[in-house]
1. Being within 20 Å of E302 (Cα to Cα) and in contact (Cβ under 8 Å) with a residue 60 or more places away in the chain is the filter here; which residues of segment 163-191 pass it?
2. Being assigned to a helix (DSSP H, G or I) and among the hydroxyl-bearing types (S, T, Y) is the filter here, so list the residues in segment 115-146 that pass it.
3. Considering only residues that are under 24 Å from T440 (Cβ atoms) and within 34 Å of the chain's Cα centre (by Cα), which ones fall in segment 474-529?
4. Assigned by TED's automatic domain parsing to the domain that holds W104, polar (S, T, N, Q) and either part of a loop (DSSP other than H, G, I, E, B) or more than 30 Å from A103 (Cβ to Cβ) (or both): which single residue out of N149, N167 fits that description?
5. For segment 369-405, which positions are basic (K, R) and under 19 Å from A430 (Cβ atoms)?
6. Can you find a residue that is farther than 30 Å from R612 by Cβ, in a strand (DSSP E or B), in contact (Cβ under 8 Å) with a residue 24 or more places away in the chain and not assigned by TED's automatic domain parsing to the domain that holds L621 anywhere in segment 280-290?
7. Taking the residues in segment 342-384 that are in a helix (DSSP H, G or I) and either modelled with pLDDT of 95 or more or touching a Cys at 6+ places or on another chain (Cβ under 9 Å) (or both) as candidates, determine which candidate is surrounded by the fewest Cβ atoms within 10 Å (Cβ to Cβ).
8. Do we find that P454 is free of Cβ contacts under 8 Å to residues at least 40 places away in the same chain and within 36 Å of the chain's Cα centre (by Cα) in this structure?
Amino acid sequence: MSTVPADHTAGDIELRDQLSNLQGLLMLSMVMTESESEDKILHLAATTVSSLSRCRMVGVYLGEDGWQADVTHPSSEGVRADIEAQLCALGPSGGAVTIPDQAWGWALTLRGLHEHIGYCVVSAPEVPSRATQFLLRVLAQQTGVALVNTRLHTRERATAEKLRGTNAALAAAVGALEHTIHIHDRLTRVAVAGEGQEGIARAVHELTGYPVAIEDRHGNLRVWAGPNRPDPYPRAPRNRRDQMLRRALREGRPIREGGRLVAVASPGADVLGVLALVDPARTAREWEQIALEHGATVLAMELAQHTASLALQRSLLPRELTGGTALEVASSYLPAGAPSGVGGDWFDVIPLSGARVALVVGDVVGHGINAAATMGRLRTAVRTLADLDLPPDELLAHLDDLVISLAEQEGGDGEEAEGAAAMGARCLYAVYDPVTQRCTMARAGHLPPALVRPDGTVTFPELPTGPPLGLGTLPFESADFELPEGTLIALYTDGLLGSCGQDIDAEVARLGEALARPGPTLDAVCGGAVRAMLTSPPSDDVVLLLARTHVLGRDQVASWDLAADPAVVASARNLVSAQLTAWGLDDLGFTTELIISELVTNAIRYGMEPIRLRLIRQGVLICEVSDGSSTSPRLRHARTTDEGGRGLFLVAQFTRRWGTRYTTPGKIIWAEQNLPPTGSAPGWSL
């Protein structure tokens, strides 16, 4: 039986020990790699070093992190500075270091996959075997990889955690932004659609779920949206409310006031209104406050526009009405009390030639500043057309053409354009002649007038129904009435008859009763009728225009039929001179005879029979010459060498105004002169 040499047996034992140690290091590497703690990895490395022969861990030095105290041998604490100086002199591959009282010291490099991160310093009382040194290098390599891996995972976890936090914050921000955008879009649609204060309150109620109140600056309720509307509505004392408004203005955001969350509508320094969430349980969150704040902004714009519309409308309506000697007039205008804003109702009294007076009442569709601006344009257009002395039906036809043209020109600007607002406007135009006592009327979709006879009888005459302006579908027709002196003509808009849900016939009957009640003055009759008709703030503009007729007596009018013969010009001058003397207007004799000479000569030369001369004395002296021709006169500026052509030019120089109006049989050329002041000296002046 053969025997194994002793040296072979020792080598085999050493090999088996090394393999066993390598297997242990492999298992240790797996444990280190799975570890998430650097301290645990370093403790495992220190424990393993101690198990290898008589080696011990002096310490671990990790670059900027320095010595790791938990794995530094207590005996080396006093010589760290010396060891650290030696480490600085070594390269990334490590090497021998001097350790006091130790025969052997070595700085084992710690590396990751691509970087050097530090050193693991070990020592022994004697130089370890090559196998032990190999195991120490393997251990250092495993420790470095495990440390880098742990750091990488730590960074990944931190990044993931930060990303989760960022995602959560982003999701919250996106949610908040989407909610804010929803609030903004909802209230923007309300503003664009012109839903007014009612639409704003309804939208904020739907967005928050809380009852919503809109008040004016004095605390009066304008709109309520939601359940449990209080009746009567409570109002805080004035000083307390003023303090609340000042605090809300100062803080610039919704404030808590008792059981309500309050925001002020303030486009500038002045408070125009208040928007409030009724929240007695104090459960309103950030979203509700955002909705309230956005709602207050839209309300501020709405109220500012309402204020501007009202100011614009009042500036465009006549401030002083006069019917001359033909009519005694009175009017009442009330803007819409509804939150939707003022409408486009208007009225006017326009002096015409021949002592006649025009009465106008109209109503523009819609509310707000566009309606007010459109009203101003239509009122101006009516005045311009009235200056042409057009009959009522022709005037409405021209106004209809104007509205159609306006709508076509502005058609691309959207429904809010003034042209679109003018479409569907309604108008009633009447002309009263105090000489003939006749009143001619035409209407475009408007309610018929009321006539109160001197005996108190009230009628609503049937006028031909014309379409609203801008439709261009049917012609307009006039109706002519003879009115006894003292007849009351009442023109009004539909706002006087209340809301559209009421019985129109019953409201018309009520209006007739109100107009029939006598009063000390026409203004008193007008105000009494409005008060009788309105039991609450009107939802639409209200206009009531009253005119009591007067008649020019025989002593104020003189007329003569003339033949188409140049010889009658002298006779006409004599007739006029005699009439002026009878009226005590000799001061106007020279200029009036000159005017009559030119007008009669013009009618004989360029017109045709019948020719008629008429003088009217009221606030001014009116000279009229009519003929059967519709030929339009033309004012010429004659040259110095011309022998004629100066007639109408002279008429224009000697009169306050002159013009032409067309009648069914022909035309009338008229001229007005101011009456001389009472007590003036006889004579004439240019």
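The values are calculated or read from the model by the stated rules, or taken from the named source; none is laboratory data. Not measured: the values here are computed from a predicted model. Cβ atoms come from the backbone with ideal geometry, glycine included; neighbour counts cover every protein chain shown.
1. Once the filter is applied, which keeps residues that are within 20 Å of E302 (Cα to Cα) and in contact (Cβ under 8 Å) with a residue 60 or more places away in the chain, segment 163-191 yields I183, H184, L187, T188, V190, A191.
2. Selection gives T132, T143.
3. L491, Y492, T493, D494, L496 - these are the residues of segment 474-529 that are under 24 Å from T440 (Cβ atoms) and within 34 Å of the chain's Cα centre (by Cα).
4. N149
5. Matches in segment 369-405: R379, R383.
6. The answer is no, given that none of the residues of segment 280-290 is farther than 30 Å from R612 by Cβ, in a strand (DSSP E or B), in contact (Cβ under 8 Å) with a residue 24 or more places away in the chain and not assigned by TED's automatic domain parsing to the domain that holds L621.
7. V382
8. no
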